[in-house]
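Note sheet for the following structure.
The values are calculated or read from the model by the stated rules, or taken from the named source; none is laboratory data. As the structure is a prediction and not an experimental result, all values here were calculated from the model. Positions of Cβ are generated from backbone atoms using ideal geometry, with glycine treated the same way; all protein chains shown enter the neighbour counts. Ligands, DNA and RNA are excluded from the accessible area calculation, which covers all protein heavy atoms including side chains. Shrake-Rupley method; radii C 1.70, N 1.55, O 1.52, S 1.80 Å.
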Amino acid sequence: EVRHARCTFPEQAVDVAHVRSLIDSNTVALVGSAPQFATGTIDPIEELAELAEARGIGLHVDCCLGGFVVPFMAAAGSPPPHGFDFTVRGVTTISCDPHKYGFAPKGASVLMFRSKELRHHMYTFATEWTGGIYATPTMLGSRPGGVVAATWAAMMRYGEAGYVESTAQIVGATRRIAEAIPTIGGLELVGRAD
């Protein structure tokens, strides 16, 4: 059962107190965003991590949109409001989509695990396949390598300096827009320009 926690308004960050009220003995993991797709708000990952650790459950950070922005924010002069990655005790998995701001082709996605032990649970086995036992390190099985090679090429082309520069431009534009919205009659900023 998936339980949806409400968000604060107008910031649109997940309401940690509400998350706490939704946890019971059947809860296996929490999920936070860094940032949320619609608003750009980074959830309070450190607070969610403390909650997950206290309950002995996992915390997944959905960094699909921000995977090639948030890690470079500090170097670009705009540090994120709080921790979001494996430096935060309690974060167990992180997802990242290089096909977004990593400038890789569509279909490039990464799921990172805090430990090899957690990664081990990702292996998929099909014992009833007519061709014998089928095992794969991913749920998708065999896939063409073109997207992987093109993702590597994009990362080599941009490098850390390129991602820092694109982050400075993205975050700068976002914050300028957020500052201008209240000056326009009839508009209200929803979310936070994290």
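Things worth noting here:
- In this structure the chain gives 60 Å² per residue of accessible area when probed at 1.4 Å with all protein chains present.
- Local electrostatic count at Thr8 - Lys and Arg +1, Asp and Glu -1, tallied over other residues with Cβ under 11 Å: -1
- Net charge over other residues, Cβ less than 12 angstrom from the Cβ of Glu46 (K, R count +1; D, E count -1): -4
- Linear extension gain, Ala149 paired with Ala168, 0.36 nm per residue minus alpha-carbon span: 4.2 nm
- The chain: calculated mean residue ellipticity at 222 nm from DSSP helix runs of at least 4, using -39500 (n - 2.57): -9500 deg cm²/dmol
- Each part reduced to its alpha carbon centroid, segment 153-175 and segment 20-65 end up 26 Å apart.
- Portion, in percent, of the accessible area of segment 81-194 that falls on carbon or sulfur, probe 1.4 Å: 62
- Relative contact order computed over segment 1-49 (Cα-Cα under 8 Å; 6+ residues apart), in percent: 31
- Exposure ranking of Met122, Met112, Met156, Met73 by accessible area [1.4 Å probe, largest first]: Met156, Met112, Met122, Met73
- FRET efficiency for Ser115 and Ala180, using Cβ-Cβ distance with R0 set to 25 Å, rounded to 0.05: 0.05
- Seen from Pro35, the other residues with C-beta closer than 11 Å to its C-beta sum to a net charge of -2, counting Lys and Arg as +1 and Asp and Glu as -1.
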